[in-house]
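Rule-based calculations on the coordinates, nothing more; no lab input. All of these numbers come straight from a predicted model, not from anything done at the bench. Cβ placement follows ideal geometry from the backbone for every residue including glycine, while neighbour counts extend to all protein chains displayed.
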Amino acid sequence: MVYLDNGATSQKPQSVIDAIVNYYTTTNSNVHRGVHTMSQQATDGYEGARSKIRQFINADDDKEIIYTRNTTEGINLVAHSYGRQNVGPGDDIIVSNMEHHSNIVPWQMLCEEKGANLLVVPIDDTGALVMDEYEKMLSSRSKLVSITHVSNALGTILPAKQIVEMAHAHGAPVLLDGAQAVPHMPVDMNELDCDFYVFSGHKLFGPTGIGVLYGK
């Protein structure tokens, strides 16, 4: 079989399948809730994975790595925590015209709830973000920029570092949707300097139901 849809979800290498089987047959136990050997082994594996993820995306601290079920849940966690605490009437949230629905709907709902504005950066005929329009949208009212790192529909690689720098110049934090970036290119949290970064495991040769929210 030739499988050409790894951008949607990846097939799992035998090493991943073997690791899952080995865990459930030899080490399965409550994490952080037991003093017996198997519980300690499970806890070590759980926290060891967090440390590996931190190294993989070059974050500074294991505490910056939050486990989620997928990219969508990571975005919703930011919307329901940071968003509800910091977005108010008349404020702006900025997204782009190439977002996955999971990076649109939470912000639509938040803006409706808070009386805020959802601004959408257009794209040009080549599928690139119109950076001049993005710059015009940024202001003191900008409370969050939530934008894809790599478009799931177009394959466009956005100038993430520049997007972050421009937003930070106006005091706005940035969430990057890295679901399509992490499987296909190196990502570096220190280099990008974004405030939040989200991605899923199932596009990255991992099982369904695991994901990461990085928060600086």
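Taking only DSSP H segments of four or more residues, each worth -39500 (n - 2.57), what value at 222 nm results for the chain once the sum is divided by all its residues, to the nearest 500 deg cm²/dmol?
Helix contribution divided over all residues of the chain: -9500 deg cm²/dmol.
Quote to one decimal, in nm, the extra length available between residue 80 and residue 18 on full extension: 0.36 nm per residue of separation minus the C-alpha distance between them.
Value of the extension gain: 18.7 nm.
Which of these, 173, 183, 13, has the largest mean-square fluctuation under a Gaussian network model of the chain (Cα springs below 10 Å)?
Per the Cα network of the chain with a 10 Å cutoff, 13 tops the list.
Which residue, 201, 90, 178, has the most motion in a Gaussian network model of the chain that connects Cα atoms within less than 10 Å?
90
Starting from the Cα gyration tensor of the range 119-168, multiply each eigenvalue by 5, take the square root, and state the resulting semi-axes largest first in whole Å.
For the range 119-168, the ellipsoid semi-axes come out as 19, 12, 9 Å.
If packing is taken as the mean number of other Cβ atoms within 10 Å per residue, what is the order of 109-117, 34-42, highest first?
So the order, starting with the most tightly packed, is 109-117, 34-42.
Assuming R0 = 22 Å, what is the FRET efficiency of residue 28 and residue 73, from their Cβ-Cβ distance, to the nearest 0.05?
Given R0 = 22 Å and the Cβ-Cβ separation, E is 0.40.
Are there DSSP H segments in the chain that both extend 15 Å or more along their axis (alpha-carbon positions) and score a mean Kyte-Doolittle hydropathy of at least -0.5? List them, or say none.
Membrane-span-like by this criterion, though nothing is claimed about a membrane: 14-26.
With no solvent and one equal point scatterer per Cα, compute the Debye intensity ratio I(q)/I(0) for the range 110-216 at 0.15 Å⁻¹ and report its log10, rounded to two decimals.
Normalising to I(0) and taking log10 leaves -0.68.
Restricted to Cα positions, what overall size does the chain have along the principal axes? Three whole-Å values, descending.
The Cα atoms of the chain stretch 57, 43, 30 Å along their principal axes.
Which of these, 31, 120, 95, has the largest mean-square fluctuation under a Gaussian network model of the chain (Cα springs below 10 Å)?
31
Is the range 14-56 rounded, prolate or oblate when judged by the Cα gyration tensor, a ≥ b ≥ c being the square roots of its eigenvalues, rounded requiring a/c under 1.5 and prolate requiring a/b larger than b/c?
oblate
Take the alpha-carbon positions of the range 47-122, form their convex hull, and give its projected area averaged over all directions (one quarter of the hull surface) in nm².
About 6.0 nm², averaged over all directions.
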